[in-house]
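Here's the structure we're looking at; comments come further down.
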Amino acid sequence: MFVPTAALFLLVSVALIAGGSGLKTTLSGLMNVISAKLGWLYFGIYIVNFVFFLYIGLSHFGRVKLGKTNDKPAYSTFQWGSMVFATAIDASILMLSMVDPLRYVQQPLFGAKPMSAANYQNAHMLGQFDWGPMAWMMFASAAVVIGYMMYVKDVHVMRISAAIPMLDGDQPYKAFLRKLIDYLVVIGIMGGIGSSVGMEIPVLSKIIAQLLGISDSIWLKLGMFVVLFAIFTLTMLKGIKGGIDRLSSAHIWTAIAFLAIVLLVGPTMYILKMEGHSLALLVTKFAAMSTGTASVASGASNTVNQETIFYWGWWMTYMPFMGLFIARISRGRTIRQVIFGMLGFGALGCMSFYAILGGYSMYLQQSGAINLIHILNTQGQAVVIATIIATLPMKYLMLIIYAGSSFIFLATTISSSAFVVSSFASGKLEPGQQPSLFNRLVWMAIFMIFSFGIVFVGGFKTVQVISSIAGLPLVIVCVLLIMSTWKMLRQNDDVFVADSAITRLNRQIERRKANTAAAKLMNLINL
C-alpha cells in the first residue's frame, strides 16, 4: 500500500506544479459541477450521521465505556479536549474565520440583498454553521466504532477497514474491499490536509514578508515548507506522549490568548451583540441549511449550498484520521463523553473564532474603517488578513503571535495526520507500537510536496475542489462505519442491559445496608 499511494500523490503533485495557475479555471468549473450534481449526497450523509450519533449519545448506548469497568481516562478533560480540537483544527480557522464573512456578505444569502444590514448578520452566522455541530459530529462515525473495537472488543485497530466487522473474513472480495477502503482513506486524508496547508502557507508567507520587509516570493514559501518539516520532525520524534499532547496545549493557549486580545481591544459590544443575533439565526436556519434547502426556499443563489458542500467534503477528509486519533486517546471515557466532548470543545471552539475574528472583520467593513472587501477581491485573502491584524494595537507583536499560533496549528494537525497515515502504510504493528520514524518522515515529506503543488496552482477554488473530490469517496466509508456501530452496539445491548441491572441491584443492596446500619445507630442513640 505504501508505494502505490505515495507514487499517486507524487504524480498528482507533479501535475499541479506543471499545470500551475492555468488549472484554476478547470478546477473552478469542476467545483460548480460537484455542487450542482452531487450536493444531495453530501447533505444526505451528514444528516444521517448527525441524527444517528445524537441518538446514540442521548440513549443508554451513550453510557457504554470505551474500556474495562475500572479503566480511567489517560488524560484530563482539558488535555483530551485540547488534543481533539488542536488536531482537527489547523491554521485555516484563524484565516477563514476572518475572510469567510467578507466573501459571504457579497452574495444574496437567504434572499437578503448583498451588503445589506441583514446580510452582514447572515454572513457572520453561515461560517459558524459550517464549522459547528454537524461538522464535528462527522468524526463520531469513526471515533466511536474504533474506540469500541479497541477497548471493548480488544481488537488492535490501526486501519479503518479493521473497524468494519462486516468486512472480516478471508474471502478475496472482502480482502479487496478492505484494501480499497484503506486507499480511499489515505487519499482523503492527503487531499484534506494538503488543501489546508496549500491555503495557509500563502497567508503566512505574506505576513512574514510584511514583518521582515522582504519580497513575498515562491522561494519564501519554499523556505517555510522546510521550516515546517523541521518542526514536524521534532514532534514526530516524540509521538503522542510528550510531543503531540504538549503541542496541543500550546496550540490551545495561544489561540485563547489571541481571541481574548481581539475581543478586549476590539469593538467588544459590537462583537457580542452580533454573536447573540447569529446564534438565534443559526437556530432558525439550522434545518434549512442542513438539508440544503435554504437557498432554494428563499430564491437566493446557491452560495450557501456550495460553501457547505465544500466544507462537508473537507470535514469528511478529516474523519478517518480524527476517528483513529480520538479513539486512541479516549480509553476510559464513555461514548456520550466522546460525542458531546467533541461538540463542546470542537464546535463551540470553532464558533468562537467566527464570533470574534469574523465579528471584528465585519465591524471594520461595516463601519467604513477599511474596505476589506475591495482588498479581498483585488489582492486576495492573504493581504486581507495581514491588513486586519495590522489594525490591532502593537501590530507587529500581534502579527508575530498570529504567525506563531498558525505554525503551531499546522504542526499539530500535520504531525498527527502523518502519524495516522504512516500507521496505515506500515506492516503489522503490535499493540502500543508506533510506525517507524522513517515511515512517518516519508509521509510528512509527501504531505509537503503535495501541498507545495497546491500553493503553486494557487486560488481558493483549488482548495475547495481538491477537498470536495477527496471527501466524496469517503461517503461510502462513513455509511459502513455507521452500520458497524449500530450492529455492534445492538449485539451487545443485552449484555449492557444485564450489567446495568446488576449495577442497580448492587446499589440498592448497598443503600439498604446503609439504611439498616443507620437505623441501628439511631436505636443505640435513643437507648
Task: Rough spin-label spacing in nm, given labels placed 7 Å along Cα→Cβ, for Leu10 and Leu212 - done: 2.9 nm
- [ ] Please calculate the 1.4 Å probe accessible area of Arg63, with all protein chains present, and give it to the nearest 10 Å².
- [x] 120 Å²
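When a/c reaches 1.5 or more, the comparison of a/b and b/c decides; with that in mind, is segment 311-370 rounded, prolate or oblate per its Cα gyration tensor? Could the numbers behind the result be given before it?
Numbers: a/c = 4.59, a/b = 2.40, b/c = 1.91.
It comes out prolate by the Cα gyration axes.
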Open item on the list: Below 8 Å, C-alpha to C-alpha, sequence gap of six or more: please give me the relative contact order for segment 19-153 in percent.
Closed with: 33 percent
TODO: Return the FRET efficiency for the residue pair Tyr396, Ala280: r is the Cβ-Cβ distance, R0 is 35 Å, and the value is rounded to the nearest 0.05.
DONE: 0.40
Task: segment 248-399: C-alpha gyration tensor shape, a/c 1.5 cut-off, then a/b vs b/c - done: oblate
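So between Ala36 and Phe229, what do we pick up on full extension, going 0.36 nm a residue minus the alpha carbon distance? Walk me through the numbers on the way to the answer.
On the way: separation 193, 0.36 × 193 = 69.48 nm, distance 3.81 nm.
Between Ala36 and Phe229, full extension yields 65.7 nm more.
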Open item on the list: Let me cross-check Trp131: its accessible surface, 1.4 Å probe, with only protein heavy atoms counted, in Å² to the nearest 10?
Closed with: 10 Å²
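Work out the FRET efficiency for Ala18 and Met269 from their Cβ-Cβ distance, taking R0 = 41 Å, and round it to the nearest 0.05. Intermediate results must be reported in sequence, preceding the final value.
Details: r = 52 Å, r/R0 = 1.27.
That gives a FRET efficiency of 0.20.
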- [ ] Quickly work out the Lys68-to-Met483 label distance, labels modelled 7 Å from Cα along the C-beta direction, and quote it in nm with one decimal.
- [x] 3.4 nm
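How big is the convex hull of the Cα atoms of segment 349-395, per residue, in Å³?
Numbers: hull volume 3.8 nm³, N = 47.
Measuring per residue, one finds 81 Å³ for the Cα hull of segment 349-395.
Could you tell me what a quarter of the Cα convex hull surface of segment 57-132 works out to, in nm² with one decimal place?
On the way: hull surface 31.2 nm².
Answer in nm², one decimal: 7.8.
Over all directions, how big on average is the projection of the convex hull of the alpha-carbon atoms in segment 115-241, in square nanometres? Walk me through the intermediate numbers first.
Details: hull surface 54.5 nm².
Its average projected convex-hull area is 13.6 nm².
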Open item on the list: Check which residues have an amide H placed less than 5 Å from Thr334's amide H, if you skip close sequence neighbours.
Closed with: Leu66
TODO: Output the relative contact order of segment 76-137, whole-number percent, from Cα pairs under 8 angstrom with separation of 6+ residues.
DONE: 24 percent
Task: Point-to-point label distance, Ala288-Ser116, nm (Cα→Cβ direction, 7 Å offset) - done: 1.2 nm
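Quick one: pull the percentage of alpha-carbon pairs in segment 111-187 with a separation above 13 Å. Each step should come with its number before you reach the end.
On the way: 2196 of 2926 pairs.
Roughly 75 percent, rounded to a whole number.
The values are calculated or read from the model by the stated rules, or taken from the named source; none is laboratory data. These numbers come from a predicted model, not from an experiment. Neighbour counts run over all protein chains shown; Cβ positions are idealised from the backbone, glycine included. Quick note on the areas: whole protein, heavy atoms, side chains included, nothing else; ligands and nucleic acids left out. Shrake-Rupley method; radii C 1.70, N 1.55, O 1.52, S 1.80 Å.
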